[in-house]
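The values are calculated or read from the model by the stated rules, or taken from the named source; none is laboratory data. Since this is a predicted model, take the numbers as computed values, not measurements. Using ideal geometry, Cβ is built from the backbone for each residue, glycine included, and neighbour counts are taken over all protein chains shown. We work out accessible area using only protein heavy atoms, side chains counted, and drop any ligands, DNA or RNA first. Shrake-Rupley method; radii C 1.70, N 1.55, O 1.52, S 1.80 Å.
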Amino acid sequence: MRYDIGIVGLGVMGQNLALNMESKGFSVAGFDLDEAKAAASRKKWAGKAAMATSASLAELAASLKTPRRILMMVPAGAPVDAVIASLKPLLERGDILLDGGNSFFPDTDRRGKELEPLGIRYIGSGVSGGEEGALLGPALMPGGQEDAYRLVEPILTSIAAKVDGEPCCGYIGRGGAGHYVKMVHNGIEYGIMQLICEAYDFMKSALGLPAPEMQKVFAAWNEGEMNSYLIEITAAVLARNDAETGQPVVDVILDKAGQKGTGKWTSQNALDLGVAIPTINAALEARILSAFKDERTAAAKLLTGPSGSAAGDRKAVLPVLHDALRLAILTCYAQGFALMREASKDYAYNLDLKEIARIWKGGCIIRARVLDSIRSAFTADGGLVNLLVAEPFRSIAGSLNGSLRRIVCQAAELGIPALAMAASLGYIDSYRRERLPANLLQAQRDYFGAHKYERVDKPRGQQFHTEWTN
């Protein structure tokens, strides 16, 4: 039997994507170096005639229809290069390799260029939705050679999540564009998760709410403007009790977070491009701080700070916290889309921001009701520089910034860290100011380094220097 597509890497994601494809009428062959994973796949796929595992990459390649279509679901970095090196002698001109992992976008650019002289076509695709999404419908962000995408489009659009009948999948752009957009998706994900955690911490530390009460709050919030996957799962997490202790599971989990690199890449890339994404940066820094658990435990016994409670004002404060979180999340999206806009120019990706908002509407981790309005904003104005200056976001920022300001102030007064919320407020306040104190900074730079400056009363672009020590 000749199979429609091969999958290299049969972890849970690879297994579930294969099952998703089979359920849409495609035949799938799989391979994994780890025999335990291959065996788990055979067990999971038992009884499905259109699915099989191969004993080697050579057997996998020989079993596929031509042009061959092979999806790699292996860890980013060296493992991807190793699989490509092993597959190259087995492939022919016109065959297609897809990388569905979280590869760093410059690696995807490089691999595509290296394979091009051999006639092997290369696609780097972001895949978001986790294990459940892989099985039931992820959001897919494929980039690379467009002609190669068109040959795998029927498979990818069939397995993608559907919203209003549209697949959450579409051609993103040349080279590493697909993995770039997935990287920014994950950066936004970092930011929103941290903002939700700060709202949770405020409820717990300032308002004294136990997990069951917080669950009700987040569940109610999910019924309104903040409807999203991340708010939904926050409510679900807070509802779960630990079988061993009877306590809420969230209360027995160690407060030490991990990361897999995509958030860091987003921050690094934003610095390279000169784009401000302070909410996402703060979320990354919060995770880093959480990792110093032992140091924090020791410091807690030595460093003093304010304490107090706002529990007596719960009824009045919760709506303010709702509005603060809503606006802070909006700034996170605004920063991510501003970064993609700049990258599109710098890397010649020609990203369609309204299409990206549409793709993110289903299947992915940051899917949310607000993406409808984001898509509409970029549809109305393809040259939109920042979501905060478009309606309805301009009005939302105007009406809700007082709530964000109040929560950031109250958190500071009570000694509750709110890195991402404070960064979101700082972003809004900086972006809305016609004049910032960077004039003094430029004077300082000119003083010690003769870096020169522009003047407000001269044409832009002219450079001036002051002899400060005369």
Out of the residues in region 253-269 that are open to solvent by 30 Å² or more (accessible area, probe 1.4 Å) and out of contact with any helix residue (DSSP H, G or I) (no Cβ under 8 Å at 6 or more places or on another chain), which is farthest from Ser103 (Cα to Cα)?
Ile253
List the number of the failed condition for Glu391; all other conditions in (1) assigned to a helix (DSSP H, G or I); (2) closer than 28 Å to Glu198 by Cβ hold.
(1)
May I ask you to list the residues in region 364-376 that are surrounded by fewer than 21 Cβ atoms within 10 Å (Cβ to Cβ) and closer than 24 Å to Asp429 by Cβ?
Ser373
Return a yes/no flag: does region 270-278 have any residue that is within 23 Å of Val408 (Cα to Cα) and open to solvent by 30 Å² or more (accessible area, probe 1.4 Å).
yes
Residues in region 198-249 that are within 27 Å of Ser307 (Cα to Cα) and in contact (Cβ under 8 Å) with a residue 24 or more places away in the chain: how many?
20
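Limited to region 138-164, what total is found for residues that are over 22 Å from Val74 (Cβ atoms) and not hydroxyl-bearing (Ser, Thr, Tyr)?
Within region 138-164, the subset over 22 Å from Val74 (Cβ atoms) is 146-147, 150, 153-154, 157-158, 161-164.
After this cut, where a residue has to be not hydroxyl-bearing (Ser, Thr, Tyr) as well, the list is 146-147, 150, 153-154, 161-164.
So the answer is 9.
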Restricting attention to region 344-363, and to residues there that are out of contact with any Leu (no Cβ under 9 Å at 6 or more places or on another chain) and of a type in the set (Gly, Ala, Ser), which single residue is surrounded by the most Cβ atoms within 10 Å (Cβ to Cβ)?
Gly362
Among (1) closer than 30 Å to Asp372 by Cβ; (2) open to solvent by less than 10 Å² (accessible area, probe 1.4 Å); (3) not hydroxyl-bearing (Ser, Thr, Tyr), where does Ala310 come up short?
(1)
For Gly415, indicate whether it is modelled with pLDDT under 95 and out of contact with any strand residue (DSSP E or B) (no Cβ under 6 Å at 6 or more places or on another chain).
no
Pairs needed: first member in region 351-367, of a type in the set (Asp, Glu); second member anywhere, at pLDDT below 95; C-beta distance under 9 Å; at least 6 residues apart or different chains.
Asp352/Gly382
Given the criteria buried (at least 22 other Cβ atoms within 10 Å of the Cβ) and either outside any helix (DSSP H, G or I) or modelled with pLDDT of 95 or more (or both), does Ala55 qualify?
no
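Just the residues that are at negative phi and either of a type outside the set (A, V, I, L, M) or surrounded by fewer than 24 Cβ atoms within 10 Å (Cβ to Cβ) (or both), please, taken from region 132-149. Outline the logic, then answer.
Taking region 132-149 first, the residues at negative phi are 132-136, 138-143, 145-149.
Correct list: Glu132, Gly133, Leu135, Leu136, Pro138, Pro142, Gly143, Gln145, Glu146, Asp147, Ala148, Tyr149.
Any residue that is among the basic types (Lys, Arg), under 29 Å from the mean Cα position of the chain (by Cα) and crowded, with 22+ Cβ neighbours inside 10 Å - is there at least one of those in region 17-25?
No, there is no match, as no residue in region 17-25 is among the basic types (Lys, Arg), under 29 Å from the mean Cα position of the chain (by Cα) and crowded, with 22+ Cβ neighbours inside 10 Å.
Select from region 150-199 the residues that are of a type in the set (Lys, Arg) and farther than 30 Å from Ala324 by Cα and write down the one among them that is surrounded by the fewest Cβ atoms within 10 Å (Cβ to Cβ). It would help to see each step written out before you state the result.
First, the residues of region 150-199 that are of a type in the set (Lys, Arg): 150, 162, 174, 182.
Then keep just the ones that are farther than 30 Å from Ala324 by Cα; that gives 150, 162, 174.
Details: Arg150: 10, Lys162: 15, Arg174: 17.
Applying the filter and picking the extreme gives Arg150.
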Could you check region 1-11 and list, in sequence order, the residues that are open to solvent by 10 Å² or more (accessible area, probe 1.4 Å) and under 16 Å from Lys65 (Cβ atoms)?
Met1, Arg2, Tyr3, Asp4
Leading residue by the ranking (farthest from the chain's Cα centre (by Cα)) among those in region 410-425 that are open to solvent by 30 Å² or more (accessible area, probe 1.4 Å) and within 17 Å of Ile277 (Cβ to Cβ):
Ala422
Hits in region 277-293 - residues which are in contact with a Leu (Cβ under 9 Å, 6 or more places away or on another chain) and either outside any helix (DSSP H, G or I) or hydroxyl-bearing (Ser, Thr, Tyr) (or both)
Ile277, Thr279
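Of the residues Lys43, Lys48, Lys37, which single one is touching a residue at least 24 places away in the same chain (Cβ under 8 Å), open to solvent by 30 Å² or more (accessible area, probe 1.4 Å) and out of contact with any Leu (no Cβ under 6 Å at 6 or more places or on another chain)?
Values: Lys43 fails: touching a residue at least 24 places away in the same chain (Cβ under 8 Å); Lys37 fails: out of contact with any Leu (no Cβ under 6 Å at 6 or more places or on another chain).
Sole residue among the options that is touching a residue at least 24 places away in the same chain (Cβ under 8 Å), open to solvent by 30 Å² or more (accessible area, probe 1.4 Å) and out of contact with any Leu (no Cβ under 6 Å at 6 or more places or on another chain): Lys48.
Quick check on Gly14: is it surrounded by 21 or more Cβ atoms within 10 Å (Cβ to Cβ) and among the small types (Gly, Ala, Ser)? Full working, then the answer.
Details: surrounded by 21 or more Cβ atoms within 10 Å (Cβ to Cβ): yes; among the small types (Gly, Ala, Ser): yes.
Yes.
Does Tyr333 qualify as being in a helix (DSSP H, G or I), open to solvent by less than 20 Å² (accessible area, probe 1.4 Å) and not hydrophobic (A, V, I, L, M, F, W, C)?
Details: in a helix (DSSP H, G or I): yes; open to solvent by less than 20 Å² (accessible area, probe 1.4 Å): yes; not hydrophobic (A, V, I, L, M, F, W, C): yes.
For Tyr333, the condition - in a helix (DSSP H, G or I), open to solvent by less than 20 Å² (accessible area, probe 1.4 Å) and not hydrophobic (A, V, I, L, M, F, W, C) - is met.
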Quick one: Ala310 ticks every box in (1) at pLDDT 95 or above; (2) in contact with a helix residue (DSSP H, G or I) (Cβ under 6 Å, 6 or more places away or on another chain) except a single one, so which number is it?
(1)
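Regarding Thr379, is this residue closer than 19 Å to Ala334 by Cα, among the polar types (S, T, N, Q) and open to solvent by 80 Å² or more (accessible area, probe 1.4 Å)? Let's see the steps before the verdict.
Details: closer than 19 Å to Ala334 by Cα: yes; among the polar types (S, T, N, Q): yes; open to solvent by 80 Å² or more (accessible area, probe 1.4 Å): yes.
When the stated conditions are applied, Thr379 passes them.
Based on this model, can you work out whether Ile407 counts as at pLDDT 95 or above, in contact with a Phe, Trp or Tyr (Cβ under 7 Å, 6 or more places away or on another chain) and open to solvent by less than 40 Å² (accessible area, probe 1.4 Å)?
The answer is yes for Ile407.
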Selected residue (only one of Ile288, Ile277 is under 21 Å from Ile366 (Cα atoms), of a type outside the set (D, E, K, R) and under 19 Å from the mean Cα position of the chain (by Cα)):
Ile277
